[in-house]
1. Enter the mean number of other protein chain beta carbons within 10 Å of the beta carbon of each residue in A:71-81, as an integer.
2. Run through every distinct alpha carbon pair of the range A:1-57 and return the Kirkwood hydrodynamic radius in angstroms, one decimal place.
3. How many nm is it between the label spots at B:ILE478 and B:VAL306, if each spot is 7 Å from the Cα in line with the beta carbon?
4. Can you pull the Rg over Rh of the range B:282-393, Cα-only, Kirkwood?
5. Helix A:60-86 versus the longest principal axis of chain A: what is the Cα-based angle in degrees, 0 to 90, to the nearest 10?
6. To test your reading of the geometry: what angle, between 0 and 90 degrees and rounded to tens, separates the Cα axis of helix B:348-371 from the longest principal axis of chain B?
7. If you look at just the Cα atoms of the range B:404-483, how large are its Rg and its Dmax in Å?
8. Please list, in chain and number order, the residues 5+ apart from B:VAL523 or on another chain whose amide H is under 5 Å from its amide H, with Hs placed from the backbone.
Amino acid sequence: MAAYKIYFVVWGALLVLTAVTVAVSYLNLGLWNATVALAIASLKAGLVALYFMHLRHEIKLVLGFAIFPFLILGLILVGTLVDAIYRF
Amino acid sequence: MADHPNTSLPEDRGYLSEHGFRSWALTMDHKRIGVMYIWTTLGFFVVAGILALLLRLKLLVPGPALFSDHTYNVLFTMHGAMMIFLFIIPAIPSALGNFFIPLLIGCRDVAFPRLNLFSYWIFVAGIAVTVGTLAAPMDTGWTFYTPYSAQTSAAVTALSFGLFLIGMSSILTGLNFIVTIHTMRAPGMGWYRMPLFIWAMYATSVIQVLSTPVIGITFLLLAAERVFGIGFFDPAKGGDPLLFQHFFWFYSHPVVYVMILPAMGIVSEVVPVFARKPIFGYKAIAYSALAIALIGFLVWGHHMFVSGMSTVAGVIFSFLTFFVAVPTGMKIFNWIATLYKGSITFESPMLYALSFIFLFIIGGLTGLFLGALATDVHVHDTYFLVAHFHYTMMGGTVMGLFAGLHYWFPKMTGRMFNETWAKSAWWLVVSGFNVTFFPMFILGMQGMPRRYAEYPAKYQALNVVATVGSWFLALGVIIMFANFIKSLRNGPLAPDNPWRGLTLEWQTTSPPPEENFHEIPTVTDWPYGYGSRNEAPRE
């Protein structure tokens, strides 16, 4: 049972964060609404990847493979924004 | 080879020993899966090639001829979509890559053989859906630009589902190769002892895994817009049609390197073997493959210079585009340096590899014309562009594929092809190719737009030249395939190492046994030590 303890803790954290998401949705933060929701969602995704998907215990190479796609995501965001922001 | 070549069926046919539908359809042998990919992709090369011949035939005359304008639009859409998605993307990676990655790194199969078979069948499922859309054929061009693709009654949703499946196959194949190359190399084969084809396939797989999901999501968004009316791309609903182009080219530009990098890998294998010299600049060629893969992700906006994208973005993308030429140029200089003072022989694989270098220089450099913002405004959507990408894709990738098919035919089939016929085919293919596509550079500079079914009469002369060229090209391809098929049945038996290659696939039998090697080889050196004094003499 003890070996599974961390999974229950993470599960609990995910439930709490879900509750936080719901609670925050009642507040009107203007532009920050989406930012806060995305931040909490990212935190949750990070917990799932690190613990449930064992990323925390993987070798650095695997960790690198998991992180690298975020650079690609960054590229597509920057590239499209350079167009969208400067368009007349 | 002996004067009276032995053409009778040998007792041991290696991995080809088993017969029957089930032995192929349910196989987990990477070689058999590779062979199935070869047949499938070459089949679509023939179909899409016939469509191209029909298009060229119609363009013999400036006015209406043969078929309606709508049919013309459908035909060039199908030609493009089939050539890109069903032939050229999987043709080298999935087909030759599947067959030769395990052989070149000295292992018994890919890391996930069952996943490999799944990748093939999901590819076939995607083809079935794609071909099914011919019931309401597409006329959008292979790029499916919105808003037209979001509004037309053609089967866009079904087609995007088909291409989604094909993309899935591409991702899984790339994943399989990455893991295979990381974990399955023969004892002693460090990264710098890997053949350059493996480096090229590694870079290719990285692009496949990272960029293909983007087109998958784009197709889902397009389907959601068409089916549920959600406004991702429709400006009336707050969407942005250019967003589609950003997403589309974020995949489709890196994917041109999925097409070209493996061909470059084949050229890097063939050139040192037939020049009998160690490859020049091994690390430069290896790392330039990775550099092309990475820089390839930074340049997609150069497809959108005249589409209404911001000028700032245009300038940035134009600037970045020039960087791709650097690693490509490095490879070309390294191949030429490898040839320098080599003992070059001109067997058919080498002829195709040299054609690759020659034609790809033209294709690559004209790409810089198009990457330059100001010139592109002038030649965008003209035949100049059509000529450019046919020089890179057909003059580049397809020549690399043909080089690979000739180079590895003895290993794959256990039989030799007829070299005289192969050379005649090469003459026709290369001369026909240039006669077909070089006039298009001139037509484009003169302003002939692409994709139009009709054109002003003043362009007719060069169009006639191009159409006649396409017949020679087709004749060359027919002779090449006929040579292959005839040799499959009764070509002379191939020795294990007909070209005196040093990579591991030549150390096993032709054709290889079911698990590739009777004993896994141990690697003690890089595979390019050609031209040493104790080298075996030519047969």
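1. 5
2. 12.4 Å
3. 3.7 nm
4. 1.04
5. Helix A:60-86 sits at roughly 20 degrees to that axis.
6. 30 degrees
7. Cα-based Rg and Dmax for the range B:404-483 come out at 16.8, 53 Å.
8. Close amide H contacts, sequence-distant or interchain: B:GLY188, B:MET189.
Laboratory data are not the source of any read-out in this text; all were calculated from the coordinates shown. This one's a predicted model, so the numbers in the text were calculated from it and none came from an experiment. So basically every Cβ, Gly included, is an ideal-geometry build from the backbone, and we count neighbours across all protein chains shown.
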